[in-house]
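Asker: Please read through the structure below; I'll follow up with questions.
Derivation of every value follows stated rules applied to the coordinates shown; laboratory data play no part. Everything numeric here is computed off the predicted structure, so don't read it as measured data. Reconstructed Cβ throughout: ideal geometry from the backbone, glycine too, with neighbour counts over all protein chains shown.
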Amino acid sequence: MKVCERKLYDEENISAKQTPQSENARVPSTDGNKGRKKGPFKQTRKGPMASYSTVKESFTKENRLRKRREFLKVYEARKTHFFRKVVVYTMKNGLADCRLGVTIPKKVGSAVVRNRIKRILREAFRRSKELFCDKYDIVINAKKDSKSLTFFEALTIFEDLAKRI
């Protein structure tokens, strides 16, 4: 049995001469690609959209309640605020930022509906967390009526909550 060898290149046709390098050749250097700078963003835009490039808007892990014991601690504080579509529990946390936890029962709807409500509530919280003078842990329990929750309703919930606290 013969083993066939394939030639990937025809070595007979390869030139031994090297091409001269041009002055504008793209050669990597020590400072060739520094990448994106870390830290606050520079203001690169001009006009009415300029202010949006300097604001760091995100919903990081530090802004979330993630563990069950964190949720239970907020429930034990017993500061409850009732709204038409949600029930909100609050507790001062003594940290640098406000934190949000969202719970939605299966009675509200399918996973798609529940995830939509979570996204709306998180975005409304992210946009309105500067309204809170003190730093709080906030847990939102959605009611069955929250299936039709809109972004503007969620914003008004957080604005009213900031006034109540």
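Asker: Within segment 114-141, how many residues are loosely packed, with under 15 Cβ neighbours inside 10 Å and of a type in the set (Val, Ile, Thr)?
Answerer: Number satisfying all stated conditions: 0.
Asker: Look through segment 150-164, keep the residues that are over 22 Å from residue 60 (Cβ atoms) and not β-branched (Val, Ile, Thr), and return whichever of them is surrounded by the most Cβ atoms within 10 Å (Cβ to Cβ).
Answerer: Restricting to residues being over 22 Å from residue 60 (Cβ atoms) and not β-branched (Val, Ile, Thr), the top hit is 153.
Asker: Oh, and also: If a residue must be within 15 Å of residue 141 (Cα to Cα) and crowded, with 16+ Cβ neighbours inside 10 Å, how many such residues does segment 84-102 contain?
Answerer: 10
Asker: If a residue has to be within 23 Å of residue 60 (Cα to Cα) and not in a strand (DSSP E or B) to count, how many in segment 119-149 make the cut?
Answerer: 17
Asker: Look through segment 75-107, keep the residues that are over 22 Å from the mean Cα position of the chain (by Cα) and part of a loop (DSSP other than H, G, I, E, B), and return whichever of them is farthest from residue 156 (Cα to Cα).
Answerer: This residue is 94.
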